[in-house]
Amino acid sequence: MDKILRIDMGAEGGPKATTVPTGEYSGLGGRALTSAIVSKEIPPACHPLSAENKLIIAPGLLSGTTSAMSGRISVGSKSPLTGGIKESNAGGQPSQVLARLGYAAIVLEGKPKGDDIYKIFINKDGITITPDNSLKMLGNYSVVEKMKAEHGHKIACISVGQAGEMRLLAASIAFTDTELRPTRHAGRGGTGAVMGSKGVKIIVLDDTGTTMRQPKDPNKFKEANKKWIAGLQSHGVTGQALPTYGTNVLTNIINEAGGYPTYNFKEGRFAGAVKISGEVEADLETKRGGLATHGCHRGCVIRCSGIYNDKDGHYLTKQPEYETVWAHGGECGIDDMDTIAMLDFLEDDIGLDTIETGVTIGVTMEAGLLKFGDGEGAINLVREIGKGSPLGRIIGSGAAVTGKVFGVERVPVVKGQALPAYDPRAVQGIGVTYATSPMGADHTAGYAVATNILGVGGTVDPLKPGGQVQLSRNLQIATAFIDSMGMCIFTAFAILDQPETFQALLDLVNACHGLEMTAADTVEYGKRVLKMERDFNARAGFTKEQDRLPSFFRSQPVGPHNVTFEVNDEELDQVFNW
Amino acid sequence: MKNHDNPHEEETPSGVPSSNSFGFTGNASVNLIISGKQSMLSGFQELLQAGFVLICRVGVSIKSLLCDQFGLNPQFVEDRINTIFLDGKPVDNIDTTTVMDGATIALSGAMPGLVGATLRRKSPLASFRQTISSSSTPLKGSVAKGVVRIKIFNILMDELGPLFLGRGLFLSSDALRSFLQKQPTEFWDGCAKILVNNAPEYPPAFREKILAALKIEDAWVHLIVHGES
Ligand code: SF4
């Protein structure tokens, strides 16, 4: 991982690949690397779909090693959806494969002159870039099938569906899973539109003939990995709840807490939640011969995913996760798992962010285009996106655009990006993160890492009012670190409760790279990433006025607790005052 | 609606206050006992998630309800029931939070995600949800007979489900009917013995007989389910 592959899609005479040393970016991985390149190399005022924008795809610092859980991959660019910096990450196989091929990142630059679309093939012998217009407007599943026919089954793919080609703001980038299906998506922020604007349909990776990345200190690394795995497996969340039910296990408890946004954030509880809970979903998967426990990449020991079969026992989609189930469930008033699974499949195929798309459908329901609960109508709307009809293009441009087109006041977005599955009026601390994250409303930007263990900014009294600002800051710092390692964010729960598991993570990083990193260094690492990201946004024209939730969260109370968002603007402005 | 201050007010013949929010007077119109394969018990998980009603002593702490009345081991409560809601509000201190008549208590294991961690008992992230947290309520009035709705989620369903189903619980006839109506053949195949109002029923008429007994609108059913290994 000491080289970066730069592909100039707009080079004279056709796309040109150059491999360069990591140089000033050495020691950075995942989000730290994508944000460093975005921040340094992309003109902040550029149009996100212009030749000046770049798309960076970077495995984490531990990817490609035998370390468990290290297969997340980061995608960075200037976001067409938010207009600011974006890091969106995904699971799947490509992170490990790209790292084993020795690349710290692929950077797509420039823009082709014509309207050809390209496939890029990378293996140990080099890079081939070929125009292939037979791939035009294919869904992710079909394009991956074609690549399998051409290159066999030992590949991993990164692709865009029709939404990316059409450069829609909700377009995602798909990463193939262990079954070589395009089910893992860097969903947030419209990075698929940037890949589409570069004319790249698919990147095929083949690591045949390569070996695992070797740590600098193999013995220490092996020992730390053992402790890391033991810590994850012994914890109640990572060892039991997530493997048994997947992330959708959250539906029941968020609904019980009155924080489950329902009918486009009008209510905090959904009467149909029990029909689409993770418990029901896992039971259905098992009964239909699917899988309720499954990893999205090799080396995952938590395995929060699964395989969802239809009524006849045939593969329909991967296990829809909590955010997806909510975005089409409570948000749209749909209480049928099969409808939600079909929407998940379609959005994976067309290449759409399931959160953005679900919330957008909710906004159209609020506008009266469909009735809340109309599952068939929702499926038809998503199909419209795939077809590229005028209505489909509006929906595929996300909640903010759709809200404007249909004259809707209650549009749940921050920095143009749809809010995820937790109502910030009920759980106000997450509202602080939604409002202030440089990424736009993002639930993963403040994950449950042991802030008190890390000691970022001192110990926080959990019951003290106002503590949520400090906590949000600490969580955002810690998450920036985890995202840079390529570690799945779900490891955070074990770290939260078990200091020895956090130490094992540090030991892994140190043994892999020959470092002496301490907890304090991880804080500095996280801060550095956030600083770069905020600096980019400031240069792109963002001010503190964008660090706000939509005003309806302050004016419209949500039941059953009848609460509004109460953290004031002055407090929000303190989040990055460290 | 809820009679939190004086649980003795307007008692029904069963001793349960008449004003609880479920409209349950403590008397069931239908008594149903189902025995079958142990594996059949997991079929009832949807009902555990939606919630069932129990008659118990109220005006006590959550801990006392769970340990003294339901007989749960205090260590189990400490280690496994990591997330508790009282009337939708996350609870931190089960020793000082009082259960009143008509309350809904939801029990869950430790949950993932930032919000999952936030909702946990004594979470270091508790300030994130301070506006909806259940505040400690000093014991008010005296201990009396009352009703509570219990919901059981996720990993606790396997651990607590058989206990509550085996001891018996109350459900509305509507909820039980719509649940049983959609059960597949395998569910009924797993039933070995069924008593409807103490009268034995025999396969293959289980489904038909039970659904006929549950036809009464707005009634309450006392359900006991035994799993036999
Ligand atoms: S825990 Fe889930 S999201 Fe994380 S790596 Fe494993 S399967 Fe993928």
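The values are calculated or read from the model by the stated rules, or taken from the named source; none is laboratory data. Remember, it's a predicted structure, so these values are computed and weren't measured experimentally. Methodologically, a virtual Cβ is constructed for each residue, glycine included, from the backbone with ideal geometry; neighbour enumeration extends over all protein chains shown. SASA here: full protein model, heavy atoms, side chains in, ligands and nucleic acids out. Shrake-Rupley method; radii C 1.70, N 1.55, O 1.52, S 1.80 Å.
Of the conditions (1) within 8 Å of another protein chain (Cβ to nearest Cβ); (2) in contact (Cβ under 8 Å) with a residue 40 or more places away in the chain, B:Gly102 fails just one. Which one is it? Here B:Gly102 meets the rest and fails (1).
Matching residues to (1) within 15 Å of the ligand (Cβ to nearest atom); (2) closer than 30 Å to A:Thr65 by Cβ:
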| position | (1), (2) |
| --- | --- |
| A:Tyr308 | yes, no |
| A:Ile334 | no, no |
| A:Ile340 | no, no |
| A:Asp348 | yes, yes |
| A:Gly358 | no, no |
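Here A:Gly258 meets each of (1) assigned by TED's automatic domain parsing to the domain that holds A:Ala271; (2) within 16 Å of the ligand (Cβ to nearest atom) with one exception, condition (2).
Quick grid of which residues meet (1) under 30 Å from B:Glu228 (Cβ atoms); (2) surrounded by fewer than 19 Cβ atoms within 10 Å (Cβ to Cβ); (3) modelled with pLDDT of 85 or more; (4) hydroxyl-bearing (Ser, Thr, Tyr):
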position	(1), (2), (3), (4)
B:Lys2	no, yes, no, no
B:Ser18	no, yes, no, yes
B:Ser29	yes, yes, yes, yes
B:Asp68	yes, yes, yes, no
B:Gln75	yes, yes, yes, no
B:Leu86	no, no, yes, no
B:Pro90	no, no, yes, no
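Rundown of residues vs (1) in contact with a Ser or Thr (Cβ under 9 Å, 6 or more places away or on another chain); (2) open to solvent by 20 Å² or more (accessible area, probe 1.4 Å); (3) assigned by TED's automatic domain parsing to the domain that holds A:Ala171; (4) among the acidic types (Asp, Glu), yes/no style:
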| position | (1), (2), (3), (4) |
| --- | --- |
| A:Pro21 | no, yes, yes, no |
| A:Tyr25 | no, no, yes, no |
| A:Cys46 | no, no, yes, no |
| A:Leu81 | yes, yes, yes, no |
| A:Ala104 | yes, no, yes, no |
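All told, A:Arg383 meets the bar of being surrounded by fewer than 18 Cβ atoms within 10 Å (Cβ to Cβ), away from the ligand (no atom under 16 Å from the Cβ), among the basic types (Lys, Arg) and away from chain B (no Cβ under 14 Å). Can you pull out the residues in region A:236-263 that are more than 8 Å from every other protein chain (Cβ to nearest Cβ), at pLDDT below 95 and open to solvent by 10 Å² or more (accessible area, probe 1.4 Å)? Selection gives A:Gly239, A:Pro243. Do we find a residue being surrounded by fewer than 22 Cβ atoms within 10 Å (Cβ to Cβ), under 24 Å from the mean Cα position of the chain (by Cα) and within 24 Å of A:Gln233 (Cβ to Cβ) anywhere in region A:268-289? No, the conditions are met nowhere in region A:268-289. Restricting the first member to region A:242-268 and to residues that are without any contact (Cβ under 8 Å) to a residue 24 or more places away in the chain and farther than 19 Å from A:Ile340 by Cβ, and the second to residues that are away from the ligand (no atom under 16 Å from the Cβ) and open to solvent by 10 Å² or more (accessible area, probe 1.4 Å), the beta-carbon pairs closer than 9 Å and six or more apart or on different chains are A:Glu256/A:Arg269; A:Glu256/B:Thr104; A:Glu256/B:Lys151.
Residues are listed down the side, and each one gets a yes or a no for (1) away from every other protein chain (no Cβ under 14 Å); (2) under 30 Å from A:Phe565 (Cβ atoms); (3) not acidic (Asp, Glu):
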position	(1), (2), (3)
B:Ala126	no, yes, yes
B:Ile132	no, yes, yes
B:Ala144	yes, no, yes
B:Val148	yes, no, yes
B:Asn154	no, yes, yes
B:Gln183	no, no, yes
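B:Gln69 passes every criterion in (1) within 11 Å of another protein chain (Cβ to nearest Cβ); (2) of a type in the set (S, T, N, Q); (3) touching a Cys at 6+ places or on another chain (Cβ under 9 Å) apart from (1).
Of the residues that sit in region A:290-304 and are of a type in the set (A, V, I, L, M) and in contact with a helix residue (DSSP H, G or I) (Cβ under 6 Å, 6 or more places away or on another chain), which one is nearest to the ligand (Cβ to nearest atom)? That would be A:Ile302. So, A:Glu12, is that one acidic (Asp, Glu) and in a helix (DSSP H, G or I) or not? The answer is no for A:Glu12. With a requirement of 2 or more residues that are among the charged types (D, E, K, R), the helices (runs of 4 or more DSSP H) lying completely within region A:473-578 that satisfy it span A:499-513, A:519-539, A:569-572.
For A:Glu285, the conditions (1) within 16 Å of the ligand (Cβ to nearest atom); (2) among the acidic types (Asp, Glu); (3) facing chain B (nearest Cβ under 9 Å) all hold with the exception of (3).
Taking region B:78-99 as the range and being touching a Pro at 6+ places or on another chain (Cβ under 9 Å), facing chain A (nearest Cβ under 9 Å) and not acidic (Asp, Glu) as the test, the residues that pass are B:Thr83, B:Gly88.
Listed by first and then second residue, the pairs with beta-carbon distance under 6 Å, at least 6 apart or on different chains, first residue in region A:481-506 and assigned by TED's automatic domain parsing to the domain that holds A:Ala68 and closer than 20 Å to A:Glu87 by Cβ, second within 10 Å of the ligand (Cβ to nearest atom) and modelled with pLDDT of 85 or more, form an empty list. Scanning region A:410-424 for residues that are on the phi < 0 side of the Ramachandran plot and either open to solvent by 10 Å² or more (accessible area, probe 1.4 Å) or more than 8 Å from chain B (Cβ to nearest Cβ) (or both) turns up A:Arg410, A:Val411, A:Pro412, A:Val413, A:Val414, A:Gln417, A:Ala418, A:Leu419, A:Pro420, A:Ala421, A:Asp423, A:Pro424.
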